[in-house]
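These notes concern the structure reproduced below.
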Amino acid sequence: MLDTTFYMNTILQWFVALGIVLGFVIVAKILYWVATNILKKVAKKTEAKLDDILIDIIEEPLVFVVILAGIWVALGTLHKTQSIDNLLTGGIYIIVVLNIAWFLSRLLDAMVKIYLVPLAQKSSSTMDDQLIPIVRKGLKLCIWSIAILVGLNNAGYNIGALLAGLGIGGLAFAMAAKDTVANLFGGFTIFVDKPFVVGDRIVTNGFDGVVEDIGLRSSQIRTLQGRLVTMANADIANGAVENISSEPHRKVSMSLGLTYDMDENKVAQAISIVENIIKQTAEVKDESVVGFSSFGDFSLNISVIYYIIKGENMTTAKNNINLNILKEFNSHGIDMAYPTQTVIVQK
């Protein structure tokens with residue numbers, strides 16, 4: 001019975017091939033046990049992390065490649081046609097290359113998790129936390145793409161024709177998805193140039209609000225009215241962005257109009273009152289410009305410029321200054337002007 005031919009090989013030859021595969025599986029199991037129970041314990045005793053990483057990620061790919069070697073040796077003992085032999089050889093080439101890509105992909109994930117992620121968590125910026133997943137996925141995509149091309153090339157396939165076909169298909173896809181591609185490049189520009197980060201208040205494309213999220217395709221801004229606006233990254237990258245959070249101080253400009261019956265002493269007194277009020281306000285930087293600026297149509301105009309310290313409440317500071325100005329002007333008999341007309345009737 002063992003000499004019975006079955007698919008160009010005797011049953012004995014099939015059993016021998018199966019025994020070779022089982023033998024390599026046993027060897028793979030032994031190697032896995034050694035790596036898990038011996039090498040890992042030895043690596044934990046060392047201060048370096050690299051040996052722990054390599055042992056942890058090489059276990060499964062090593063077991064797989066040993067089993068694959070057993071299948072290769074077993075197939076070598078069997079009789080088969082040239083076409084089947086070419087097909088099996090090409091398939092094994094592809095699997096070997098994909099196994100190497102699997103190992104490199106696991107190594108990349110481990111390196112990012114152990115080295116880059118802790119560094120990103122220690123930094124105050126949130127930009128690196130958003131960039132790390134994008135870079136990791138991009139590198140893994142490159143690894144698998146190269147592995148597939150190399151595997152197909154070693155298997156005897158015409159990679160040039162495949163790449164040409166992918167180029168034409170990619171061109172058609174790019175034309176159909178040009179807006180998406182533009183938004184992706186816009187997101188990349190925002191990540192690299194950093195015109196703003198999450199938490200900044202910005203003004204762009206007519207919207208004033210706080211940045212809540214920066215994505216690959218779009219970003220989200222919470223307006224001052226509490227509404228959430230989702231804006232394409234291409235529109236943000238191509239437009240003007242005013243980063244309000246980057247200003248060192250908040251500038252406030254206003255004009256006070258006094259009535260024309262005020263003499264120069266009253267005007268000078270009004271200027272002195274405003275200067276003292278600004279200096280005594282804790283939320284305001286000790287730097288202001290107050291002066292008699294112009295003769296208006298119905299008022300003597302005093303120009304006032306001061307700066308609110310970054311982080312202070314702008315509304316509270318302006319409210320306190322304006323109330324104190326009104327209080328002091330009333331107590332010193334300084335009248336504020338309003339539009340009036342004097343009609344002269346000739347007899």
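Read the figures in this text as sums done on the coordinates, not as results from a lab. Keep in mind that this is a model prediction, so the values were computed, not measured. In this analysis, Cβ positions are derived from the backbone assuming ideal geometry, glycine residues included, and neighbour counts consider all displayed protein chains.
In sequence order, segment 204-211 has phi-based couplings of 8, 6, x, 10, 10, x, 9, 6 Hz under the Karplus curve 6.51 cos²θ - 1.76 cosθ + 1.60, θ = phi - 60°, and Gly or Pro positions carry x. Output the pairs from K41/K113; K194/K251; K251/K318; K279/K318 with a Cα-Cα distance over 18 Å in this structure; if there are none, say none. Flagged as over cut-off: K41/K113; K194/K251. Considering only the Cα atoms of segment 187-246, their convex hull presents on average a projected area of 3.4 nm². Spin-label model, F295 to H249: label points 7 Å out along the Cα-to-beta-carbon direction sit 3.3 nm apart. Phi angles across segment 220-226 convert, under the Karplus curve 6.51 cos²θ - 1.76 cosθ + 1.60 with θ = phi - 60°, into 3J(HN,Hα) values of 10, 10, 8, 6, 5, 7, x Hz, Gly and Pro given as x.
How big is the Kirkwood radius of segment 174-282, worked out from every pair of different alpha carbons and given in Å to one decimal?
17.2
For segment 249-331, the pair-distance distribution built from all alpha carbon pairs, in bins 10 Å wide starting at 0, is 18, 52, 25, 5, 0 percent. Applying 1/(1 + (r/R0)^6) with R0 = 30 Å to the Cβ-Cβ distance of D263 and L323 gives a FRET efficiency near 0.70.
Once the chain from S83 to N9 is taken as fully extended at 0.36 nm per residue, the excess over their C-alpha distance is 25.0 nm.
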